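The values are calculated or read from the model by the stated rules, or taken from the named source; none is laboratory data. From a predicted model like this one, the values you see are computed outputs, not experimental measurements. Glycine gets a Cβ as well: all are built from the backbone with ideal geometry, and neighbour counts include every protein chain shown.
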Amino acid sequence: MNYIIITGASKGLGYSITKGLISKDNHIFCISRKKNEQLIDAAKAGNCSLEYYEYDLSDVAGLDDLMQSIFDRITVKDGGTIILVNNAGVVTPVKPADKCSSGEIARNVAVNAIAPMILASLFIKHTGELNAEKRIINISSGAGKKPYYGWSIYCGSKAAIDLFTRCISLEQQAKEYPVKIISFAPGIVDTDMQKEIRSASKQDFEQLERFIAYKNDGKLSTPEFVAGKVIELIFDKEFIDGGVIDISQYKKAVV
């Protein structure tokens with residue numbers, strides 16, 4: 001049995017990843033602010049164990065209890081597989097830092113960086129003594145490697161998760177049963193996040209016309225395509241531990 005924890009599972013890329021993982025061989029724990037009944041129905045039809053946790057990841061104080069409740073349901077034995085996919089993310093606020101409120105900055109960094117860091121830390125604590133295949137996939141962004149006017153908070157939070165990934169890999173190298181980890185930028189995906197970006201003002205986001213053109217010119221990847229690559233990565237025997245890679249760099253990607 002493969003145990004897979006995935007955040008932001010209710011829509012967009014997270015929904016497509018979860019749907020693609022529905023199988024009798026997988027036990028999926030979905031974390032999102034609201035349940036997706038389509039996923040629940042699909043799991044029932046596919047004889048797949050799927051459990052939903054309605055939770056707002058900006059509430060980082062409750063993550064210890066959340067993960068404890070999940071691991072109370074996990075019975076991985078030596079030789080098993082357990083995966084954490086830190087997929088949830090927010091792009092807002094899309095505007096220069098001096099225009100952002102304290103609350104907007106705090107929420108973005110909480111969801112994009114603090115929550116995945118805490119979840120990864122707790123994942124390692126709960127599985128540290130387990131002789132099993134243990135992997136963390138952090139869904140990052142090319143924005144973590146390049147500055148964009150109006151994305152200072154988003155870029156900063158994604159850069160944080162990229163370097164965090166590399167540090168965790170370094171720390172795990174000396175462990176008897178290490179957790180493997182990777183940061184994966186999925187490229188430009190046709191999700192609600194892209195709609196939010198296109199609704200920004202040109203004054204606040206200088207790349208606005210470029211992102212509108214991505215949609216108009218059909219250059220956005222479908223969530224289903226990218227989800228397929230993430231699922232390949234989850235089970236890849238040649239997992240690039242400590243890697244900070246883009247979908248175009250992934251050896252199995254065809255873009």
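All of (1) aromatic (Phe, Trp, Tyr); (2) more than 21 Å from residue 169 (Cβ to Cβ); (3) not in a helix (DSSP H, G or I) hold for residue 214 with one exception: (3). Is at least one residue of the stretch 180-199 in contact with a Ser or Thr (Cβ under 8 Å, 6 or more places away or on another chain), of a type in the set (Asp, Glu) and touching a residue at least 40 places away in the same chain (Cβ under 8 Å)? For the stretch 180-199, residues in contact with a Ser or Thr (Cβ under 8 Å, 6 or more places away or on another chain), of a type in the set (Asp, Glu) and touching a residue at least 40 places away in the same chain (Cβ under 8 Å): present. Among the residues of the stretch 208-218, is there at least one that is out of contact with any Cys (no Cβ under 9 Å at 6 or more places or on another chain) and in contact (Cβ under 8 Å) with a residue 60 or more places away in the chain? For the stretch 208-218, residues out of contact with any Cys (no Cβ under 9 Å at 6 or more places or on another chain) and in contact (Cβ under 8 Å) with a residue 60 or more places away in the chain: absent.
Look at (1) out of contact with any strand residue (DSSP E or B) (no Cβ under 8 Å at 6 or more places or on another chain); (2) modelled with pLDDT of 95 or more and you find that residue 172 fails only one, number (1). Identify all residues within the stretch 237-251 that are without any contact (Cβ under 8 Å) to a residue 60 or more places away in the chain and under 17 Å from the mean Cα position of the chain (by Cα); write none if there are none. The answer is 240, and nothing else. Candidates in the stretch 53-74 are the residues that are in contact with a Phe, Trp or Tyr (Cβ under 9 Å, 6 or more places away or on another chain) and without any contact (Cβ under 8 Å) to a residue 24 or more places away in the chain; of these, the one that is farthest from residue 28 (Cα to Cα) is 62.
Is it the case that the stretch 123-135 has a residue that's within 24 Å of residue 240 (Cβ to Cβ) and in contact with a helix residue (DSSP H, G or I) (Cβ under 6 Å, 6 or more places away or on another chain)? Scanning the stretch 123-135, I find at least one residue that is within 24 Å of residue 240 (Cβ to Cβ) and in contact with a helix residue (DSSP H, G or I) (Cβ under 6 Å, 6 or more places away or on another chain), so the answer is yes.
Could you please let me know if residue 113 is part of a loop (DSSP other than H, G, I, E, B) and among the aliphatic types (A, V, I, L, M)? So residue 113 fails the test.
Here 83, 105, 70 are screened, and the one residue that is assigned to a strand (DSSP E or B) and hydrophobic (A, V, I, L, M, F, W, C) is 83.
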